Amino acid sequence: MRYVATPIMFLILIIQTSLSAETVDPYIKMHKRMVTIIQREVESTRGYLGREKLDPKVVEALLSVKRHLFVPPRLRGVAYENRPLPIGYGQTISQPYMVAVMTDLLEPKKSDIVLEVGTGSGYQAAVLASIVKKVYTLEIIEPLGLQAKKRLERLGYDNVEVRIADGYYGLEEKAPFDKIIVTAAAGHVPPPLIRQLKPGGIMVIPVGGPFFVQHLVLLKKEKNGAVSTRQIMPVSFVPLTGRH
């Protein structure tokens, strides 16, 4: 007798496969829920962002990067909550919503070479690396930078290069960059970063002192070198440290 699979049998197989995957990776459900919450928050803040939804490439990157692998083991149970978490040395891994928004504002492309200032745990670099050609990321706190470097290598992000350096001064030897993202608040937009941004490039940076209102700023460099800025929304980031 010929065996014929029915639609119901296919449905049962899909459900069993899904349940099996969640048993192997208990974070899957929390991960998907986090991305759904981010998408809803983007929609509710569209007045600030000037857009109603995230680029599908950004959503795909958020789903592909496992945030629980970028936080201390004791915090893995809350890794997919939509909030920043401490990673040591007075630093934090950014709120997932903020990672999503900053990535989306960069309008990342597959051919982009991106500079990140403030590696932290490496999570933002991993999200970017899932979309763009190359990410250079700078971390001034050596232990954090070395941990992130090992973590990114172990997870297979071979298009990310971590440097221990003062991010205020950028990375002149690899400039110019298509996009620049700064994940710590500066009192002003660092002139070296503006110089290292390609004409036609985009920078996203939180600007403001630690005891004052900070704003997420979108900076664009025109083809003729002229620079325009737009304040996106109030934010709260750890300060950009260094000798500057």
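The values are calculated or read from the model by the stated rules, or taken from the named source; none is laboratory data. Just so it is clear, the structure is predicted and the values come from calculations on it, not from any experiment. With ideal geometry, Cβ positions are generated from the backbone for all residues, glycine too; neighbour counts draw on all protein chains shown.
Within the set L138, L62, the sole residue that is crowded, with 16+ Cβ neighbours inside 10 Å and more than 12 Å from the chain's Cα centre (by Cα) turns out to be L138.
Out of all the residues in region 150-167, is one or more crowded, with 19+ Cβ neighbours inside 10 Å, in a helix (DSSP H, G or I), within 17 Å of the chain's Cα centre (by Cα) and without any contact (Cβ under 8 Å) to a residue 60 or more places away in the chain? Yes: region 150-167 contains one or more residues that are crowded, with 19+ Cβ neighbours inside 10 Å, in a helix (DSSP H, G or I), within 17 Å of the chain's Cα centre (by Cα) and without any contact (Cβ under 8 Å) to a residue 60 or more places away in the chain.
If you check L106, L115, L49 for being under 20 Å from A185 (Cβ atoms), among the hydrophobic types (A, V, I, L, M, F, W, C) and over 14 Å from the mean Cα position of the chain (by Cα), only one passes: L49. If only residues of region 175-215 that are of a type in the set (A, V, I, L, M, F, W, C), under 16 Å from the mean Cα position of the chain (by Cα) and part of a strand (DSSP E or B) are counted, the one that is modelled with the lowest pLDDT is A185. Only one of the listed residues (V135, V127, V117) is closer than 20 Å to R195 by Cβ and touching a residue at least 60 places away in the same chain (Cβ under 8 Å). That residue is V117. Restricting K220, K198 to residues that are touching a strand residue (DSSP E or B) at 6+ places or on another chain (Cβ under 6 Å), farther than 25 Å from Y97 by Cα and free of Cβ contacts under 8 Å to residues at least 40 places away in the same chain narrows the list to K198.
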